[in-house]
Ligand code: 5GP
Ligand code: ZN
């Protein structure tokens, strides 16, 4: 599939697995899926916020990402030396030698999931309103997992709705989106199934956490067959965090309890690839009903 996507010009290779340029057709579809998500959620009155693809290192530390997913995190390093250090760096680059120790860790890291910067934003506002908070967020995300599968990118756009508040509305929010999300994929005429899943927690303790997450049904994925001969690809996820982020960030409900949260996430490039895979590389030839859903 990667070869076909590159041959058709939809993806441009950069020489690094999981990092591609995207052409105008691809971007048109990404934008249309993003807009469809906006229309699906329009009646809920979510607050729209956008963060850059980097976040303060301190937020990644406190948000637990380095503890649970050290193998996926990306940190930003920069040159802070003087002219002599610069000459040495250039000498090594020209000689093809390792120059990584000329770079120093900065105070920012790559954003790993769109909702990560939202918790500190909410925490800084003080106790939540009585009906909680509903946030619409989109971010370029980074995960260090180079792969030859076009559905596994090192940087990709994740659109999310995140709800934070008292326990029952959080359960209801995720339940409602399980219904709406599957209806949305049906309207795009894509094959799919939904199943309990887990995040890629690191290490042996992580395996225990992953098993727990799955048996407690804290994460569901909507999976679409995309890569021939491979397991289907998670294109949406529905995550119930219980009070995990409320506790990490000290987010309180109006009555002072720790807040619960849930998010529903769309992988925009994955959904674009799913559409190209199932309806063909020529958007003009897609079923009229699918085109009408995407471009009403
Ligand atoms: P999660 O936090 O559940 O792992 O990711 C949320 C959503 O982001 C997934 O359902 C998927 O659609 C998208 N996503 C996760 N990892 C990747 C990836 O490596 N490449 C792409 N294109 N999308 C991803
Ligand atoms: Zn999230």
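No lab work stands behind these numbers, since they all come straight from the coordinates. Everything quoted here is computed from the prediction, not taken from an experiment. Please note: Cβ atoms are built from the backbone with ideal geometry, for glycine as well, and neighbour counts cover all protein chains shown.
Length gained on full extension, residue 95 to residue 124: 5.6 nm, using 0.36 nm per residue less the C-alpha separation.
For the chain, what D do you get in µm² per second when you plug the Kirkwood radius from alpha-carbon pairs into Stokes-Einstein at 4 °C and 1.567 mPa s?
Values: Rh = 20.7 Å.
After rounding, the answer is 62 µm²/s.
Both radii come from the Cα set of region 15-97: Rg as radius of gyration, Rh as Kirkwood radius; their ratio Rg/Rh reads 1.13.
Taking label positions 7 Å along the Cα-Cβ direction at both residue 28 and residue 43, the computed distance is 3.1 nm, reported to one decimal.
For region 122-241, what log10 I(q)/I(0) values come out of the Debye formula at q = 0.22 1/Å, with one point per alpha carbon and no solvent? One equal scatterer on each Cα of region 122-241 leads to -1.50.
Just so you know, the Cα atoms of region 28-157 work out to an Rg and Dmax of 19.2, 62 Å. In the chain, the DSSP-assigned H stretches of four residues or longer account for a calculated mean residue ellipticity at 222 nm of -11000 deg cm²/dmol, using -39500 (n - 2.57) per stretch and the full residue count as denominator. Within the listed set 63, 96, 280, the residue fluctuating most in the Gaussian network model of the chain (springs between alpha-carbon atoms under 10 angstrom) is 96.
Here the calculated FRET efficiency for residue 285 and residue 200, from their Cβ-Cβ distance with R0 = 35 Å, stands at 0.45, rounded to the nearest 0.05. Using the alpha carbons alone, the radius of gyration of region 181-296 stands to its Kirkwood radius in an Rg to Rh ratio of 1.09. Evaluated over the Cα positions of region 173-244, the convex hull gives a direction-averaged projected area, one quarter of its surface, of 5.7 nm².
Taking 82, 35, 199 in turn, the Gaussian network model of the chain (Cα-Cα springs below 10 Å) assigns the largest fluctuation to 82. Distance from the alpha carbon centroid of region 234-288 to that of region 193-223 works out to 15 angstrom. Against the compact-protein benchmark of 2.2 N^0.38 Å, the Cα-based radius of gyration of region 105-181 scales to 1.35. Using a simple spin-label model with pseudo-atoms 7 Å out from Cα toward Cβ, residue 62 and residue 144 lie 2.4 nm apart.
Between 277, 152, 125, the residue with the greatest mean-square fluctuation in the GNM of the chain (Cα pairs under 10 Å linked by springs) is 125.
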